[in-house]
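Q: Have a look at this one before I ask anything.
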Amino acid sequence: MLEELRNAVISGADKKAEEFVRQALAEGKEPIFLMNEGLIPAMEEVGERFNHKEYFVPEVLLSARAMKAGLALLRPLLTEQKFQPVGLVVLGTVQGDLHDIGKNIVGMVLEGAGFQVQDLGADVPPDKFVNAVKESGAQILGMSALLTTTRTVMATVVKKLKEQGIRPGVRIMVGGAAVSDDYARKIEADAFAKDALEAVAKARELTVRR
Amino acid sequence: MFNITPADLNAYLGSLPVSRRIVRRVKPLALGLGPLWLLRRAGRRTAGLPLGTAATQLTGTSVRDNLTSGSTQFQTLMAAVRRFRPDGIGIISDLSIEAQACGCEVKFPENGLPYVSSKLIENPEDLEKFRVPDPYRAGRMPVVLKTVRLLSQKLGLAVGSGGIGPFTLAGELIGTERAALAVYTEPDFLHAVLRYATEVVISYQLAQIASGSDTVIIGEPTGSILSPRHFREFAAGYLTRIIKKLPVPVTLHICGDCAHLLDEIALLPIASLSVDAPVNLAEAARKIPANVILSGNLDPITVVRELDPRGVREATLKLLTEMDPYPNFLLSTGCDITPDTPMENIQAILDAVREYRYKP
């Protein structure tokens, strides 16, 4: 059953993924078990295939959609059983940039890994990031930029968080084609993630380190 | 009426000076292979750089000024020609023009390139309402046509223009994420949007050519997110149709890492391929035919904008040396040069290319 669930996610079959989750739950499987042993390893496999250029963006989107279908059934149960989310992540593509596919994949994979995600969408102005962090008390702020011309917005956000004294309370993670490890250091972000899997690993690390 | 028939174009081409007609007729001679072939005997290389956005510094204008006024952009490009004395000049690349002409909303950042901020087509029935926009009237298409016309009238240089590719335009019209998923979930709808996008591109590019463009660059950045199989199915056929309809040499530009698509791209009837910084250019040169010009691929940010002129020079010389074995190489940047790139850095690239002698 787990194998089938994983395969459904890996092959991007959302109806099947949903059906297998439903069946497994009916058989009395624990939601957290289905998540940790089914959805998460499946998305890790998808990430591997992406790294090896066996999967491309459409395949990853399809898998993420299947994972989300399964997760939709699990999430209310996890909340009911008082499983705390691993952490709260505020996420968005910076102002001037509408490229949100990568950011959406990161959001879905983070949710799949047990994070609560508040997605601000694309073309997000600096103040919107700052206010969302302030209001939600998020542990992590994730910003994405595909265009090098827009990545400077990230630096503006970091500066504003500092000015308002909330920088120490939040970990900042950046990603997207326009961003690198060097750039993350330069703007004093806490981490750079090159893809969705690395985003999950780094988000976990950043939540533990607090 | 904007429909340009092949007869109109032939009449127009016939009115050109012989040298320009040759550029247009003999595909491999244009876009540098002509100069490349001549210069090769002296062991020299040429550079083809997207100078327009950075040249706005020379005229003290914003990118927006240039993309909304043909005479302003013409002045800027003339300033670039005077300052850098390039072998050809291209209009500022702006991939929001076609979608805006179709009816999408566009946002202009302060001093950057505009981007499409609304989707237009939600379902297949919407498509029936759509007409191919008239390039002489729709949105900012006339701005480009005017720029091209002025350049072509005033300069003896090859004039390059261009626009968006069909898959990227389809992504703007229905949303890129939807276009990506659609290769699996709604391929028929995607094909319908692509057919429309293809006609938009052809009509706009023909108008540019009729206005005096000697060569066009089709930018298909979103193509790089597809697998080779889907690139073949959802991009290559439409690109081929466009290229065959255009009576001038066509360059294909793909942003990001398109290394996995080179075998597919090699089959397209392009005169030239322009690739971005993540691609290993020498490997690309081994995959594409020797009669296709390969241009690239200095990193426009980490090298061209951020290094000092000496660093830019070193990076340019390194790339030139690496490309010694490939006569069809044209040095360029991987993607557009940013508006705030120092003029000295651009000069450093051109100086290095002009001094270099290669040993094939």
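The values are calculated or read from the model by the stated rules, or taken from the named source; none is laboratory data. The model shown is predicted, which means the values in this text are computed figures rather than measured ones. Don't worry about glycine lacking a Cβ; one is built from the backbone with ideal geometry, like all the others, and counts go over all protein chains shown.
Q: Could you tell me how many of the residues in the range B:253-299 are touching a residue at least 40 places away in the same chain (Cβ under 8 Å) and part of a helix (DSSP H, G or I)?
A: 3
Q: Test residue A:136 against the stated conditions and say whether it is touching a strand residue (DSSP E or B) at 6+ places or on another chain (Cβ under 9 Å) and surrounded by fewer than 21 Cβ atoms within 10 Å (Cβ to Cβ).
A: It is true that residue A:136 is touching a strand residue (DSSP E or B) at 6+ places or on another chain (Cβ under 9 Å) and surrounded by fewer than 21 Cβ atoms within 10 Å (Cβ to Cβ).
Q: Between a first residue in the range B:79-99 that is under 20 Å from residue B:111 (Cα atoms) and a second residue that is polar (S, T, N, Q) and surrounded by 20 or more Cβ atoms within 10 Å (Cβ to Cβ), which pairs have beta carbons less than 7 Å apart while being 6 or more apart in sequence or on different chains?
A: Here the result reads B:90/B:161; B:91/B:73; B:91/B:147; B:91/B:161; B:92/B:53; B:92/B:66; B:92/B:73; B:95/B:168, each pair linking the range B:79-99 to a residue that is polar (S, T, N, Q) and surrounded by 20 or more Cβ atoms within 10 Å (Cβ to Cβ).
Q: I want to confirm something. Restricting to the range A:84-110 and keeping residues that are buried (at least 24 other Cβ atoms within 10 Å of the Cβ), in a helix (DSSP H, G or I) and free of Cβ contacts under 8 Å to residues at least 60 places away in the same chain, which single residue is farthest from the other protein chains (Cβ to nearest Cβ)?
A: A:107
Q: Further, regarding this structure: Quick check, is residue B:68 buried (at least 22 other Cβ atoms within 10 Å of the Cβ) and of a type in the set (Ser, Thr, Tyr)?
A: Taking the combined requirement at face value, the residue does not satisfy it.
Q: Determine if the range B:131-139 includes at least one residue that is within 14 Å of chain A (Cβ to nearest Cβ), under 24 Å from residue B:198 (Cα atoms) and in contact with a helix residue (DSSP H, G or I) (Cβ under 6 Å, 6 or more places away or on another chain).
A: Looking for residues that are within 14 Å of chain A (Cβ to nearest Cβ), under 24 Å from residue B:198 (Cα atoms) and in contact with a helix residue (DSSP H, G or I) (Cβ under 6 Å, 6 or more places away or on another chain), one finds none in the range B:131-139, hence no.
Q: Report yes if residue A:142 is in contact (Cβ under 8 Å) with a residue 60 or more places away in the chain and either away from chain B (no Cβ under 14 Å) or out of contact with any Cys (no Cβ under 8 Å at 6 or more places or on another chain) (or both), otherwise no.
A: yes
Q: Shifting gears a bit: What's the number of the condition residue A:38 fails, among (1) within 14 Å of another protein chain (Cβ to nearest Cβ); (2) surrounded by 22 or more Cβ atoms within 10 Å (Cβ to Cβ); (3) part of a helix (DSSP H, G or I)?
A: Single failed check for residue A:38: (1).
Q: Now for a different question. Out of the range A:41-83, which residues are of a type in the set (Val, Ile, Thr) and either crowded, with 19+ Cβ neighbours inside 10 Å or part of a loop (DSSP other than H, G, I, E, B) (or both)?
A: Matches in the range A:41-83: A:46, A:57, A:60.
Q: Say whether the condition of being of a type outside the set (S, T, N, Q), within 14 Å of another protein chain (Cβ to nearest Cβ), more than 15 Å from residue A:126 (Cα to Cα) and part of a loop (DSSP other than H, G, I, E, B) is met by at least one residue in the range A:148-159.
A: no
Listed here are the residues, each with its yes/no results for (1) under 26 Å from residue B:348 (Cβ atoms); (2) crowded, with 20+ Cβ neighbours inside 10 Å.
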residue	(1), (2)
B:90	yes, yes
B:93	yes, yes
B:110	no, no
B:116	no, yes
B:134	no, no
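Q: Right, something else. Taking the range B:236-261 on its own, how many of its residues are within 14 Å of chain A (Cβ to nearest Cβ) and within 16 Å of the chain's Cα centre (by Cα)?
A: Of the residues in that region, 4 qualify.
Q: Taking the criterion of being among the β-branched types (Val, Ile, Thr), touching a strand residue (DSSP E or B) at 6+ places or on another chain (Cβ under 7 Å), under 28 Å from residue A:177 (Cβ atoms) and not in a loop (DSSP other than H, G, I, E, B), would at least one residue in the range B:236-246 satisfy it?
A: Among the residues of the range B:236-246, at least one is among the β-branched types (Val, Ile, Thr), touching a strand residue (DSSP E or B) at 6+ places or on another chain (Cβ under 7 Å), under 28 Å from residue A:177 (Cβ atoms) and not in a loop (DSSP other than H, G, I, E, B), which makes the answer yes.
Q: Is it true that residue A:111 is more than 29 Å from residue B:278 (Cα to Cα) and not assigned by TED's automatic domain parsing to the domain that holds residue A:63?
A: yes
Q: Of all residues in the range B:166-192, count the ones that are closer than 21 Å to residue B:218 by Cβ, over 22 Å from the mean Cα position of the chain (by Cα), more than 8 Å from chain A (Cβ to nearest Cβ) and not small (Gly, Ala, Ser).
A: Adding up the residues that qualify gives 3.
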